[in-house]
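The structure under discussion appears below in the form of structure tokens.
Read the figures in this text as sums done on the coordinates, not as results from a lab. Just so it is clear, the model here is predicted, and its values are computed rather than measured. With ideal geometry, Cβ positions are generated from the backbone for all residues, glycine too; neighbour counts draw on all protein chains shown.
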């Protein structure tokens with residue numbers, strides 16, 4: 001019995017077999033592209049009044065620590081962010097309002113690790129009768145390309161504001177910025193009124209610097225006379241005073257003073273101007289790439305005691 005292949009049947013069968021064999025390979029490649037699975041572990045403990053200490057660690061499926069950003073959330077709302085250290089762990093102390101809280105830690109993932117979320121940790125925060133406040137930021141993780149800027153909302157929530165007899169003023173600031181980066185708040189000073197329960201917000205602007213591609217054109221004005229006068233005029237006057245003195249020790253002191261004056265003028269008054277006119281300003285340096293943990297601090301003082309609360313956020317510069 002002779003079996004006859006129809007036209008185009010054999011190519012279709014061969015192509016189907018190749019496609020079927022390629023499916024597992026493609027699935028493995030897609031799974032590898034997602035990165036290694038990770039496990040995020042979170043512990044939460046209360047310390048003192050309305051202080052919650054969070055400890056997080058992220059480990060990959062290969063047993064090695066992960067790197068990158070972790071965002072803490074309270075009942076699903078981001079409140080703080082930190083960058084993992086070389087051991088894949090980090091610690092954060094939150095200032096929380098009185099009551100029950102449910103905290104989680106979310107790992108964003110990196111080039112080789114997939115993201116993961118920890119189990120929720122219930123915590124009850126307590127507070128005294130003195131007025132105070134807590135602070136949180138959203139988003140708690142910000143990624144910028146060097147030269148870009150971004151905004152974060154800082155929320156200051158009153159605690160026991162019913163105990164206030166006068167408005168409380170809170171000043172916001174930030175620290176931990178990388179080189180060639182800056183932050184500002186609008187407004188920088190916020191006011192908490194007596195009996196207030198709603199959070200007061202301020203917008204935090206984060207700015208990074210991009211690399212300058214070229215130098216600015218030098219100011220070649222040809223004003224060489226200014227440079228000569230900067231040195232020759234004081235030098236001539238000083239030498240005239242030196243040789244006009246009758247006593248030798250006066251001449252020596254005057255000569256030394258003249259040399260010192262010429263040196264100071266040459267290095268401070270003339271040097272930068274000459275360099276700028278002939279070479280132009282240096283190109284801008286970019287903000288270094290990396291992942292940074294920034295601290296946002298809120299501070300208030302009644303003239304006797306100061307109250308300070310802080311929260312962290314993650315800045316990733318690409």
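Inter-part distance, region 57-97 to region 174-194, computed on C-alpha centroids, equals 23 Å.
With a simple spin-label model that places each label point 7 Å from the Cα along the Cα-to-Cβ direction, the separation between residue 171 and residue 289 comes to 3.8 nm. For region 36-128, the relative contact order works out to 35 percent when only alpha carbon pairs closer than 8 Å and six or more residues apart are counted.
The label-point distance for residue 299 and residue 149, in a model that sets each label 7 Å from Cα toward Cβ, rounds to 2.5 nm.
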